[in-house]
1. Taking segment A:143-179, which residues are assigned to a loop (DSSP other than H, G, I, E, B), more than 16 Å from DNA strand B (Cβ to nearest atom) and either in contact with a helix residue (DSSP H, G or I) (Cβ under 7 Å, 6 or more places away or on another chain) or not assigned by TED's automatic domain parsing to the domain that holds residue A:401 (or both)?
2. Looking at segment A:213-220, can you tell me whether even one residue there is in the same structural domain as residue A:271 (by TED's automatic domain parsing), more than 7 Å from DNA strand B (Cβ to nearest atom) and on the phi > 0 side of the Ramachandran plot?
3. With segment A:351-464 as the region, which helices (runs of 4 or more DSSP H) entirely inside it contain at least 3 residues that are in contact (Cβ under 8 Å) with a residue 24 or more places away in the chain?
4. Within segment A:11-27, how many residues turn out to be aliphatic (A, V, I, L, M) and either open to solvent by 80 Å² or more (accessible area, probe 1.4 Å) or not assigned by TED's automatic domain parsing to the domain that holds residue A:41 (or both)?
5. Run down A:197, A:184 and say which single residue is within 24 Å of residue A:220 (Cβ to Cβ) and open to solvent by less than 50 Å² (accessible area, probe 1.4 Å).
6. Just a yes or no: is a residue in segment A:257-270 in contact with a helix residue (DSSP H, G or I) (Cβ under 8 Å, 6 or more places away or on another chain) and part of a strand (DSSP E or B)?
7. Tell me which residues, restricted to segment A:54-91, are buried (at least 17 other Cβ atoms within 10 Å of the Cβ) and within 20 Å of residue A:257 (Cα to Cα).
8. Consider residue A:99 carefully, then state whether it is within 16 Å of DNA strand B (Cβ to nearest atom), in the same structural domain as residue A:335 (by TED's automatic domain parsing) and under 30 Å from residue A:274 (Cα atoms).
Amino acid sequence: MKTKITGHDLKALGFTQGKWMKEAITYINGNKLEGEEMKTYLEQFKSPDPIGLHTTAVDFSINIKAENEEEKYNVDKVINSMQTLMKTPTLVGGAIMPDACPAGPDGTIPVGGVAVAKNAIHPGMHSADICCSVMLTDFGKADPKDILDAAHANTHFGPGGRDRDSQFRFPKALLEAFESNYFLKDGNMLQIARSHLGTQGDGNHFLFVGTSKKTGNTMMVTHHGSRGPGARLYTKGMKIAERFRKELSPDTKKQNAWIPFETEEGQSYWDALQIIRAWTKTNHEVLHNSVAETLELEIENRYWNEHNFVFKHGNLFYHAKGATPMDAKFMPDITGPRLIPLNMSEPVLIVEGNTTKTNLGFAPHGAGRNVSRTQHRKSKTGSTMQIFKEETLGLDIRFFSKEIDITELPSAYKNAKAVRQQMDEFNLGEVIDEVMPYGCIMAGDWQKNAPWKVRREKKKQNRK
DNA sequence: ATGTCC
């Protein structure tokens, strides 16, 4: 006489534990299935065969050239990492831009990288700062200093969000969108989305004012991403992707895990990305509008583009981590030209372009870093104030925290001329206008006087 | 990237 089948027996047959087991055991025992009959019934619960890596890396186009030894080291590292990345089973194409910089362990998409996946969204390939973007408003013949002063009074840099009394109104459409989405609906997420609206964060984010080379008009350009809400979505997305990776493709590197588009999770994540994009666009708009309102100015023109995002075309998902989408097919709602900033002392480029065989429809997103922040800080041994003055001569540069961030000065970035020259050489968009710098605001080194740093400094002093 | 852990 045969004993009843248990979950233990099914695991011994190589099945993975799951919700399905309870029902299956009842069915098997209820219908007294055994032998071949049971095996046939269990077929439906078999895990799919693991998806292996591509045996050879998928080809990708290299739109970058090293100009010196330091850059050669960086470019080699970027190319090596891309070669590992391009073995990810979902990928069918890729490219790197002239401002490419290595990021993370080998096989991680570099900043300045594009990766094209079939039917898959890879949270690790669109960057942690989802929808990091640039927006421009043309304020006509306004005085650049007035714009910078008003913007300085209205914007917010540094960690966290706004106090309750200085928050912008949270649009109802955004509220409803957040509440409708699995990834975005929790209360904490909404609270952060409210308080972070109209904030720019830190790092390389900026508020830039300058004048058009073509018209002389005063233009304001903001650069920032999705702040807290986007960072949280990214973390959640990576967790879901990791669950799929373990089940579908354990050989895939953790940072390259994906969410299959044709799943409930895939659809929700895709929707969440679009909602975060709408939030981020609003995050720019409230700042630009507040300047117009403060100064009672007419807005003559406005456009924007993201450079960290996933763009869908058919069943292909173009992941851009620090690459400017040029082809209109990526952005049904974007009508203006694109914006490519370089550094605080250089113009913001206004660019148009299209797909070629080698650019995949993208251009660089900026100048890119020469060396890491830490390395750059170490290389600058003189007086910070002196270096700041030399590198920003004639410009009105302000740090929101009132502390200079030496790692954001022009010397931290790749040579702007070289990046522009490589844009020409590799056919990465045509510059149609330039916003000549008047001044800009960045977060500055807000951590300089943080309690833990002050404590560390004191210890150092005591040892001397 | 980020109220650097819901």
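1. Within segment A:143-179, just A:171 meets the criteria.
2. Checked segment A:213-220: at least one residue is in the same structural domain as residue A:271 (by TED's automatic domain parsing), more than 7 Å from DNA strand B (Cβ to nearest atom) and on the phi > 0 side of the Ramachandran plot.
3. Passing ranges, in order: A:373-379, A:416-425.
4. 2
5. One residue alone meets the criteria, A:197.
6. Checking segment A:257-270: at least one residue is in contact with a helix residue (DSSP H, G or I) (Cβ under 8 Å, 6 or more places away or on another chain) and part of a strand (DSSP E or B).
7. A:58, A:60, A:78, A:81, A:82, A:85, A:86, A:87, A:88, A:89, A:90, A:91
8. In short, no.
The values are calculated or read from the model by the stated rules, or taken from the named source; none is laboratory data. Bear in mind that the values here come from a model prediction, so they are computed numbers and not experimental data. So basically every Cβ, Gly included, is an ideal-geometry build from the backbone, and we count neighbours across all protein chains shown. Accessible surface areas use protein heavy atoms only, side chains included; no ligands, DNA or RNA. Shrake-Rupley method; radii C 1.70, N 1.55, O 1.52, S 1.80 Å.
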